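Asker: Got a structure here, written out as structure tokens. Questions coming.
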Amino acid sequence: MIPRDVGKILVVRLSARGDVVFASPLAGALRRSHPDAHIAWAVEERTADVIRHNPHLDEVIVWERAEWKRMRRSGRWGALFRVAVDFFTELRDRRFDVAIDPQGLLRSGLLAFLSGAPVRIGLSPREGSRLLMTQVVERGGDPRRIASDNIHLAEALKLDTGSFEMEIPRGADEVKMVDRVVRKEGLGAGFVVACPFTTLFHKHWLEDRWAVLIQQIRECTGLGVVLLGGPADRTAANRILGRVAELPGPTAPLVDLVGGTTLGEASAVVSRCSVLVGVDTGLSHMAYAYGRPSVLIFGSHTPYLDPPGPEVVILHSGRPCSPCRGRLVCDGRLDCMTDIAVARVLAAVEAQLA
């Protein structure tokens with residue numbers, strides 16, 4: 001599907017954070033298969049830090065989608081029109097030969113189409129962008145396997161998938177930021193990262209249990225806990241921390257970085273942790289990319305169920321209704337998450353530390 005002598009390739013994987021993590025091996029597979037090509041990646045600004053330092057890319061093109069939405073909501077149609085024209089004019093001026101859309105959404109398909117690339121290859125679209133592609137790869141792969149859609153696409157494109165590893169290198173400033181936090185907070189002996197937050201409520205584990213787990217990790221392991229999340233998670237973080245404050249307090253550090261880091265800085269924190277415990281969210285999946293041990297709590301959404309290696313432990317209720325993908329056949333009780341007790345998670349964390 002990709003000409004052997006291709007000059008310029010554009011990958012359009014705009015979001016979400018975890019999905020960009022899963023798709024990151026495509027950059028290396030393209031580079032090994034087309035070593036002389038110029039390879040670019042188009043991504044939204046809120047997920048750009050995931051792919052920004054990938055060594056196989058010549059260019060990262062950032063679509064400021066959030067700013068465009070603000071212009072639309074405030075009625076600044078003239079400014080939005082000018083920004084959009086400039087963005088797509090510059091994109092077409094790059095003269096890509098091939099655009100690859102592993103996302104399969106209307107917005108990713110439209111961006112691939114407006115790039116002007118004469119060859120546009122998309123993973124089977126979910127939102128009607130099939131007509132914007134010149135070639136479509138039907139979805140496949142093993143849903144129990146991490147990044148299976150992307151491996152399936154790479155194989156269909158005849159790419160070198162011999163080493164299909166996730167790569168999320170960090171910048172020097174991000175690494176220095178983690179060094180400062182470790183020194184300031186006394187985390188030199190190691191620390192556990194907790195990632196309780198996602199954009200979808202039915203992926204969440206119970207906040208009361210997070211509070212108890214954080215306290216028990218600090219008490220039973222003697223390690224500090226670093227809480228990570230974005231600005232939108234601040235209210236939920238305050239609730240969890242408020243409950244933690246009500247419990248008998250061990251002396252190990254508890255570091256609240258929710259909303260206080262960039263995505264790149266948060267991922268750099270993950271790269272240094274002793275163990276990560278989290279739900280189905282982008283930062284949780286980064287632990288595997290960095291080779292860090294992790295304990296993942298999956299319920300309504302299960303992006304994969306076969307642990308990709310011994311450093312990943314997946315806790316899942318085993319209920320036949322899970323994953324329901326948000327359909328919530330339990331009338332919103334989230335039985336698949338309430339099945340998972342604090343003691344089970346703590347035991348998994350301790351085993352990973354051992």
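Asker: Sort out for me the Cα centre separation of the stretch 150-164 from the stretch 269-300, rounded to whole Å.
Answerer: Centre-to-centre (Cα) distance: 24 Å.
Asker: Please give the FRET efficiency for Asp36 paired with Arg144, using the beta carbon to beta carbon distance and R0 = 45 Å, rounded to the nearest 0.05.
Answerer: 0.80
Asker: For Lys69, give me every one of the aspartates and glutamates with a C-alpha distance below 18 angstrom, ignoring sequence neighbours fewer than eight places off in its own chain.
Answerer: Glu44, Glu45, Asp86
Asker: Continuing with this model, one more query. Please check which bits of the stretch 14-28 a label hung off Glu90 would reach, taking the label as a point 7 Å along Cα-to-C-beta and the cut-off as backbone N under 19 Å.
Answerer: Within reach of a label on Glu90: 14-15.
Asker: Something else: Between Glu246 and Lys69, what is 0.36 nm times their sequence separation minus the Cα-Cα distance? Round to one decimal in nm.
Answerer: 59.7 nm
Asker: If you roll a 1.4 angstrom probe over the protein chains with everything in place, what fraction of the accessible area of the chain belongs to carbon and sulfur, to the nearest %?
Answerer: Accessible surface attributable to carbon and sulfur in the chain totals 51 percent.
Asker: Run lengths n ≥ 4 of DSSP H only: what is the helix-derived mean residue ellipticity at 222 nm for the chain, with -39500 (n - 2.57) per run over all residues, to the nearest 500?
Answerer: Per the formula, -11500 deg cm²/dmol.
Asker: With a bin width of 10 angstrom, please list the P(r) values of the chain as percents of all Cα-Cα pairs, from the 0 bin to the one holding the largest distance.
Answerer: Computed distribution, short to long bins: 5, 23, 31, 24, 13, 3, 0.
Asker: Quick one: if the Förster radius is 25 Å, what FRET efficiency do Val83 and Ala232 give, using the C-beta to C-beta distance and rounding to 0.05?
Answerer: That gives a FRET efficiency of 0.55.
Asker: Now for a separate question. Full extension from Asp58 to Phe201: what is 0.36 nm times the residue separation minus their Cα-Cα distance, to one decimal in nm?
Answerer: Full extension of this stretch gives 47.8 nm more.
Asker: Between Leu305 and Cys220, how many nm apart are label points set 7 Å from Cα along the C-beta direction?
Answerer: That separation, rounded to one decimal, is 2.6 nm.
Asker: Same structure, new question: Can you give the alpha-carbon Rg of the stretch 314-354 over 2.2 N^0.38 Å, where N counts its residues?
Answerer: 1.37
Asker: Same structure, new question: Rounded to the nearest 0.05, what FRET efficiency do Arg333 and Arg130 have when you use their Cβ-Cβ distance and R0 = 56 Å?
Answerer: The value I calculate is 0.90.
Asker: A follow-up question, please. Using the Kirkwood formula on the Cα atoms of the stretch 258-316, what hydrodynamic radius do you get, in angstrom to one decimal?
Answerer: This gives a value of 11.7 Å.
Asker: Over 10 Å intervals from 0, what percent of Cα-Cα pairs in the stretch 161-305 sits in each interval?
Answerer: Calculated over all Cα pairs of the stretch 161-305, the distribution is 12, 43, 36, 9, 1, 0 percent.
Asker: Provide the descending list of Cα extents for the stretch 171-242 along its principal axes, expressed in whole angstroms.
Answerer: The Cα atoms of the stretch 171-242 stretch 35, 31, 19 Å along their principal axes.
Asker: Starting from the Cα coordinates of the stretch 61-201, work out the convex hull volume and express it per residue in Å³.
Answerer: Cα-based convex hull of the stretch 61-201, divided per residue, equals 222 Å³.
Asker: If you build a Gaussian network model of the chain, linking Cα atoms that sit under 10 Å apart, which residue out of Gly190, Gly318, Gly28 swings the most?
Answerer: Among Gly190, Gly318, Gly28, the largest mean-square fluctuation in the Gaussian network model of the chain belongs to Gly318.
The values are calculated or read from the model by the stated rules, or taken from the named source; none is laboratory data. Not measured: the values here are computed from a predicted model. Counting neighbours? That spans all protein chains shown, and the Cβs are built from the backbone with ideal geometry, glycine included. Note: accessible area is taken over every heavy atom of the protein model, side chains too, but ligands, DNA and RNA are not part of it. Shrake-Rupley method; radii C 1.70, N 1.55, O 1.52, S 1.80 Å.
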